[in-house]
Amino acid sequence: MRVNYKKIGILSVLFILSLCALTGCKASKKKVLSSTYYKELKSEKEELEKENEKLKEEAETTKGITADEQRAIDYLDKIARDRLVKLEIGYADNMENSEFIEDEAAFSLATAIARRADLTGKYTPEQIEEKYGPGYEYILYDEDNAVYEIKVYNGNYVIFTDLPNNVYYAYNASALGDGFLNYRDGYPNSNLLHRLADCSVITDKEGNYYEGDTANAVANHINHMDKTKSSRDKAEEAWKKNVKSKKKAQEGSYEPVSVVYTFYHHGNKMILTIYDTFYSIENMDGKKTWYKAEKDDVNELKQIFTEAQEVNRQEEEAAGTTEPATTEETESEPSHSKEIQAESMMETEDNIEE
């Protein structure tokens, strides 16, 4: 990578000449330093010096990289930054029964595979195919009609069809297949909270995605919340009592703002809708169950999603695939929720609709 030292030198000369032109080389140093023009030139010079340092660092980093390695880096970077319009997910040995997904959150999770991909020398493509056999296959379609094919093995190993000689490790690469494809051998018996905890993909209406650790934390929190079964009618009655605006009361507008999350579990979905002190869970069969809980518990439930969203944003920012946050950032502690224990689940089976 060539560093543009010439540009830096030219700007430095212009910087000095501009000062002379501005002041006639006679004005006091104090006036020069306080002039707006001087400050603008100084700021531009500092920016170029930073750019110069960045280019030097990149040149050191890329020193010794072969043409094939650079091509692979550029290819993965393009996928990570790309804008998809369609996603196809299927079993690699039978793509005739694949699922087509048109969901922004799923698109983001698909491109995240390229962002997370680390080249591994643990297996050759032939070895990983022989060891694990065909797994999932994802086909990504972007807005410029480019097509990317990714094969997923044993959860976290991937091969990009356009980089056939490389095997990459990409954390949670199997999440999309686990979430959107049906079990081949039937569904095991499990209750609602077990299924929530086992979901590999969650999406919301804002186009954000959440992964299995979030699903587990949410199910764990719901399991331990002090809650009672309720209904839509009871929720509306409570909202009506709490409404403060006469206009809203006259209009019959009582319902508070809600947030909706869709959990994907092996080709099925469940929907969690969170209000103020009420929330509902729609099971895979479409049956919806309402619950009432303490406001603090419900807010903590919402916070699990907020923290997960922040983790995703930081990951994207660190990879350079999104703009840094412009608002003041606050560090959030990771969720320390433990995995749901089967014994704990069994205790709540009478309270949670199966």
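The values are calculated or read from the model by the stated rules, or taken from the named source; none is laboratory data. This is a predicted model, so every value here is computed, not measured. Every residue, glycine as well, gets a Cβ built from its backbone with ideal geometry; the counts of neighbours run over all protein chains shown. Protein only, heavy atoms only, side chains kept; ligands, DNA and RNA dropped before computing areas. Shrake-Rupley method; radii C 1.70, N 1.55, O 1.52, S 1.80 Å.
Consider region 259-283. How many of its residues are small (Gly, Ala, Ser) and modelled with pLDDT under 95? Can you show your working first?
So in region 259-283, the residues small (Gly, Ala, Ser) come out as 267, 280.
When the remaining residues are screened for being modelled with pLDDT under 95, the result is 267.
Number satisfying all stated conditions: 1.
Are any residues in region 34-48 at pLDDT 75 or above and open to solvent by 80 Å² or more (accessible area, probe 1.4 Å), and if so, which ones?
We begin by selecting, within region 34-48, every residue at pLDDT 75 or above; these are 43-44, 46-48.
Residues satisfying the conditions are Glu44, Glu46, Glu47.
Only residues that are open to solvent by 20 Å² or more (accessible area, probe 1.4 Å) and aliphatic (A, V, I, L, M) were counted in region 140-158, giving 2.
Every test in (1) open to solvent by less than 40 Å² (accessible area, probe 1.4 Å); (2) in a helix (DSSP H, G or I) is passed by Glu51 save one, and that test is (1). Looking only at region 124-133, filter to residues that are open to solvent by 10 Å² or more (accessible area, probe 1.4 Å) and either in contact with a strand residue (DSSP E or B) (Cβ under 7 Å, 6 or more places away or on another chain) or of a type in the set (A, V, I, L, M) (or both); which one of those is farthest from Gly177 (Cα to Cα)? For region 124-133, the residue satisfying everything is Pro125.
Look at (1) surrounded by fewer than 14 Cβ atoms within 10 Å (Cβ to Cβ); (2) more than 27 Å from Ile113 (Cβ to Cβ) and you find that Glu206 fails only one, number (2).
Going by the structure shown, is Asp68 of a type outside the set (Gly, Ala, Ser), at pLDDT 95 or above and not in a strand (DSSP E or B)? No; evaluated as a whole, the condition is false for this residue. Residues that are of a type outside the set (A, V, I, L, M, F, W, C) and under 27 Å from the mean Cα position of the chain (by Cα) within region 75-94 comprise Tyr75, Asp77, Lys78, Arg81, Asp82, Arg83, Lys86, Glu88, Gly90, Tyr91, listed in sequence order.
Any chance region 86-97 includes a residue that's surrounded by fewer than 17 Cβ atoms within 10 Å (Cβ to Cβ) and of a type in the set (A, V, I, L, M, F, W, C)? Yes, region 86-97 contains at least one residue that is surrounded by fewer than 17 Cβ atoms within 10 Å (Cβ to Cβ) and of a type in the set (A, V, I, L, M, F, W, C). Could we say that Ala215 is open to solvent by less than 10 Å² (accessible area, probe 1.4 Å), assigned to a helix (DSSP H, G or I), more than 26 Å from Leu176 (Cβ to Cβ) and touching a residue at least 24 places away in the same chain (Cβ under 8 Å) here? Considered against the rule, which asks whether it is open to solvent by less than 10 Å² (accessible area, probe 1.4 Å), assigned to a helix (DSSP H, G or I), more than 26 Å from Leu176 (Cβ to Cβ) and touching a residue at least 24 places away in the same chain (Cβ under 8 Å), Ala215 comes out as no.
Open to solvent by less than 40 Å² (accessible area, probe 1.4 Å) and within 27 Å of Tyr91 (Cα to Cα): does that describe His194? Criteria not met by His194.
Looking at region 286-298 only, could you name the residues that are open to solvent by 70 Å² or more (accessible area, probe 1.4 Å) and more than 14 Å from Phe263 (Cβ to Cβ)?
Start the filter on region 286-298 by keeping residues that are open to solvent by 70 Å² or more (accessible area, probe 1.4 Å), which leaves 287-288, 292, 294-296.
Those that are open to solvent by 70 Å² or more (accessible area, probe 1.4 Å) and more than 14 Å from Phe263 (Cβ to Cβ): Lys287, Lys292, Glu294, Lys295, Asp296.
Of the residues screened, Tyr75 is one that is hydroxyl-bearing (Ser, Thr, Tyr) and part of a helix (DSSP H, G or I).
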